[in-house]
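What follows is a set of notes on a single structure, which appears directly below.
The values are calculated or read from the model by the stated rules, or taken from the named source; none is laboratory data. Just so it is clear, the structure is predicted and the values come from calculations on it, not from any experiment. Using ideal geometry, Cβ is built from the backbone for each residue, glycine included, and neighbour counts are taken over all protein chains shown. Just so you know, the surface numbers come from the protein's heavy atoms only, side chains and all, with ligands and any DNA or RNA stripped out. Shrake-Rupley method; radii C 1.70, N 1.55, O 1.52, S 1.80 Å.
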Amino acid sequence: MMLFKRSTVTDLLIVVLVPLVFMTTLGLFSAVRPRKLASSVNPDHFDLRFENVSLVTEDRVKLAGWYIPKQGDTTDSTIIVLHGYPTDKGDMLARTKFLVDDFNLLLLDFRYFGESEGSHTTVGVKEAEDLTAAVRYLEGKGTRKIGVYGISMGGAVALMGLDDPGLAIDAVAAEASYADLKMMTQEVFKYLGPLGTPLTFASELIAGLVLGVSLEQVSPVRAVRGTDKPVLLIHSREDKLVGFENAERIKESLAENPDAQYLFFETGDHGQASVEFAEVVGGFFRKHLSND
């Protein structure tokens, strides 16, 4: 005995699926075109000499950056600084300016954010091309050693750079990075219970069809597996936005790396640096970007 007529089942599917697809599409477009958190800070506020930099990615997106030379004598070692979502390069200045005592800095606005062009962010997928453009720029300046520091999305992109054998990156410090973009999407939807799985699937499908990107392309946990380049992983155990389990998964992938280092602290939410931050990060880059 049929409890529902076929038309009734079809109607039920439409009632469920149409709002589901609509919600997913709306959520996705909100995620890739968020309200930008623009900083008013620039190197002048800290009396730092700098150059405004314009880069063009392989897919023809124009990016903005600041090149800040080492204060005092010169060096051919430079650290690329990558911001998180949805901030900009100015947000990273106070956090990283101590590094100019030893290195040049290149602070970059990812596509869509800050002063860079781009119609939307891809939360790490296409941003890998932004990092590549920054490395190529430094190579053109004759930079001998290149380090990367990134936080949150920037940390994920920095770790992804280790998976490209053609990218001349000598050391990476990644703070509060997610382990896998697909896993992060699942985390976002998990509060919806049984609807979480179809929403994740719908997000992947729409991202592929509309934006031409795959969430599976961005997996720092996979990218660092097997790398022997120096990595400093930084994370708070109290991070509520990118849970500490992300750091644990990345650490597992770095188990065979003799130059992997960890700064895990007990308190502080996402993006709140520990009191050891400057000492540990500065020491890490001095060790691995030395010209000796």
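Just a few scattered comments:
- Here Lys287 is the anchor, and the aspartates and glutamates within straight C-alpha reach of less than 18 Å, apart from those fewer than 8 places off in the same chain, are Asp76, Asp101, Asp102, Asp170, Asp228, Asp259, Glu276, Glu279.
- Apportionment of accessible area to carbon and sulfur, segment 61-146, percent (1.4 Å): 45
- As a rough guide to protection, the peptides 143-154, 34-45 ranked by mean Cβ packing within 10 Å, highest first, stand as 143-154, 34-45.
- Modelled FRET efficiency - R0 22 Å, Ala94 with Tyr262, Cβ distances, 0.05 increments: 0.35
- Using R0 = 51 Å, the C-beta based FRET efficiency linking Ser40 and Glu216 works out to 0.85.
- Estimated inter-spin distance, Glu245 and Asp47, nm [label 7 Å along Cα→Cβ]: 4.9
- Geometric descriptor of segment 99-177, per residue, is 101 Å³ (volume of the convex hull of the Cα atoms).
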